[in-house]
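Single-structure report; data block below.
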Amino acid sequence: MTNLVKAEPASVKHALVKQKVREEESQYLTFLLDKEMFAIGILSIKEIIEYGQVTTVPMMPNFVRGVINLRGQVVPVIDLQARFGRPSSVVGKRSCVVIIEIQLSAEQEQHVIGVIVDSVSEVLAIPPAQIERAPQFGAKIRPDFISGMGKVDDKFVIILNVDKVLSVDELSALTERVDEERHD
Amino acid sequence: MNMEQAFQTFLAESSELLQDMEDKLLGFDSCDDCAESVNSIFRAVHTIKGSAGLFGLDEIVAFTHVVESVLDDVRSGSFVLDEQLINLLLQCKDYIGKMVDSIDGEAVLMAPEDLTVQAVLEQALGVYLNTEHSTAATALVGIDDADTYQSVSVIESDSAMANENWHISVYFGTDVLRNGMDPLSFIRYLATLGSIVHIETVTDALPGIEDMDAESCYLGYEINFHSSASKSQIEEVFEFVREDCQLKILPPYAKVSEFIDVIDTIQNDELRLGEILVRCGTLTQRELDNLLEMQHAVKEGGTHRLIGEIVVEDGLASSEVVTAALHKQAQGKKAKEKQAQTVRVDAEKLDHLINLIGELVIAGAGVESEAHLTGIGNLMESAQTMTRLVEEVRESALNLRMVQIGETFNRFFRVVRDVSKELGKDIDLHIDGADTELDKTVIEKISDPLMHLVRNSIDHGIESPALRAQRNKPATGNVKLNAYHESGTIVIEVSDDGGGLNREKILQKAIANGLVSAEAELSVQDINKLIFEAGFSTAEAISNISGRGVGMDVVRRNIEALRGTVEIDSEYTVGTTIRIRLPLTLAIIDGFMMKVGDAFYVVPLDIVEECIELNTNHNVGHDGRSYINLRGEVLPFIRLGDYFSKTGGSAKRENIVVIKYGSLKAGFVVDELMGEFQTVIKPLGPLFERVPGISGSTILGSGEVALILDASSLIHLVMQRDGKAISAAAKQSALH
């Protein structure tokens, strides 16, 4: 029965899938943080929900807003502005929580994390040719948080490196430090 | 069929079959139906061989074939399953398990040292096979006499007769190839069970060349098959295509001339014993096969089978009579084994269901409160009914996770047997309360600690036979596993009638190790608990079973991780009982909810001693002093609001929740008491793993998230902080 399975044109199928992935990879969700436009690759985004009912977790650094109930799952919510070292986001009418799935490595399970954004704009296709490398400085954000600068209508959109910005290891290490500082 | 899925099934099935094989081997000394035990051992090996063959795992096929041959001879009575053979078969079982574990892709990758093990095992098995050859020869001689008359005894005696051939007619469905099955592999595999005397390909179904679909299968085969295998075994060959083919297996023992006639008639009126039974709905195909199998093995059973089959073949007896007889047997069998009907479900699916139901409960609570707002009587009533039903659904969904502990317990028969043999002790294992149910995750996590405890009991608990004789105890030691429910918790006991704990020795050792100070006065329980300290062992010699002083420490930590406790009852020279107390489930606790500011917090209800109002009589302000006089006792307290930097919500009347955890007693000052709350624990995830004082979260009826406090770590944290603050203040004043 193995010969039958082999007969399938696997390589063709594989190439098709790859192409599709590439197309999706070049799609980005853009959103505003204090009037500045950012983008996140659409593949890591699970959903977008209205901001509300965030339970604060005590003794956490200010970039951890707290946790929300996402249909029975308890999901931490990160304030991106505070994570970038800027003043915390002010929650407004159009504030949203973007739910992001990140996978640190093949063995580890997926983590779901929410980030607060001021407003969600649209989904844009930015072809790889239109993406510049991140500037060494000047973006006022740690360079390793930026995966590239997308050119859209002659303006730059900062494409975030979600795995770095929301690195669970780094975040939890930071929470620990806050705790030590508080008690010293 | 998806091969990957099939392969997963193969892995799961193999481990189950091997477990079954081990159980049967270990229970062989005390079985009431030994023939059936041998049969199920044989079946286990055979099924693994068959499935492995389908996946082209030749190494497994080759090895299992040898084991199978030996078992087949046991089955036919060539020799008995004695102690020595049981040991050998147990080793074979382990080795097969190892092979299945080392399947990598399409091949079995064994380490060289394992291959030597295999060679040794095969050699040992070969000894049995060689003796068998001579008995087979004598059996052949016997058959010559029996050949003249077609009697029951012929059928029972042996399978080596030339005219005793099976007839198999198999017509594959048109979709067989599309489903990834190659008819040839089944026939090739069939050949491993015996020899194909003749095979005829039936091509009647082939359409004209223009109508033919190259991916369809139109072929059927008529096979004249010589084998000593049973009907169920032959049927198992075609297990993977059973739904996709028309299969008829006719047993041997018909005269060749009659044989063909019989095939024709049977094919025409479709009257097979199995089909009658299945049609009556009294038995499934599998049960029927098991019955036939069992009958085949039991001597008198042989006649039953013969009669049953011949009767139907000849079309003489009414089907009801046969059905009734088999039905009766099936019922007797059922009552004996009390085999529960089970469905295998993916644990993930179950978790998903429970999550969904959790959401349903929350949504239902929302509907009910909305309904109350409308004030419409009928609506409120309906909403209430729904809420009640949803609660019931939740209860039963949580019950789905409950598993009997018996299976975990049964594994210890092997451990006790092996370890006691190694130590030269004679030990019996007794099991009680095997049907006690507890959460699957708890069961998984408890089996390691139990293993340590049982090994410990055998090694340190039970004395050597000489010492037992000196103490006037029976030579055979007893280890007992027991499980029962007690007031919302499950208790698991590991007890032995061995030497018990020598408390003096333990105390001396503990003092020598610096675990306790020499002056300390310890209660009996405290001394007993010393054996759970890390690195503590009174054993003079470290054996490879225990004695390093690591095991018990791990046991305690594992049990504490499950929110359980351990107690030890022990009397020197009489015996020891270790009692593990665990919560029924990890998913739900009885919580006590309180409100600070606008946030809700939950603590486990059983640590809450009492709640009192913090009134002006207690005369405390925010002046830093944080203790009150609780009926003459000093009670330190923590203002949760201050501690968690909660602003606002300064309630008019604050309350103190008095917490007692072990020897710690403290108060938590909160704004409002919300009362008892059935808390479904949700993990907070890796981000909050290192947050002290918080152990998890739960979702309230309103959809909000409430945090579950870890009272003991919270109190310890405050103690540390206060200590630091005081020493810092002392330093400051010293400088001035």
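Please treat every number below as a calculation from the coordinates, not as lab data. Everything numeric in this text was worked out from a predicted model, so none of it was measured. Neighbour counts run over all protein chains shown; Cβ positions are idealised from the backbone, glycine included.
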Gyration tensor over alpha-carbon atoms, the range B:1-106, equivalent ellipsoid semi-axes in Å: 25, 13, 12
10 Å Cβ neighbours from other chains, averaged over peptide B:354-363: 2
Ranked packing of A:166-173, B:344-351, most packed first, by mean Cβ within 10 Å: A:166-173, B:344-351
Simple spin-label estimate for residue A:50 and residue B:346 in nanometres, 7 Å along Cα-Cβ: 3.4 nm
Cleavage-rule hits, GluC sites (Glu not before Pro), the range A:53-141, DSSP coil, Cβ neighbours within 10 Å at most 12: A:107, A:109
For a label point 7 Å along the Cα-to-beta-carbon line of residue B:382, residues of the range B:692-712 with backbone N under 11 Å: none
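For residue A:121 and residue A:170, what is the calculated FRET efficiency with R₀ set at 22 Å and r taken between the beta-carbons, to the nearest 0.05? Before the final figure, lay out the partial values.
Numbers: r = 27 Å, r/R0 = 1.24.
For R0 = 22 Å, the calculated efficiency reads 0.20.
Can you give the average number of partner chain beta-carbon atoms within 10 Å of each beta-carbon in peptide B:687-696, as a whole number? The partial results should precede the final answer.
On the way: counts 16, 10, 4, 5, 10, 4, 3, 4, 0, 1.
What the average comes to for B:687-696 is 6.
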Environment charge at residue B:365 (Cβ cut-off 11 Å; Lys +1, Arg +1, Asp -1, Glu -1): -4
Average partner coverage of A:55-65, which counts Cβ from other chains inside 10 Å: 5
Whole-angstrom Cα spans of the range A:57-99 along principal axes, big to small: 31, 28, 14
Within the range A:67-105, trypsin sites (Lys or Arg not before Pro) in DSSP loop having at most 13 other beta-carbon neighbours inside 10 Å: A:93, A:94
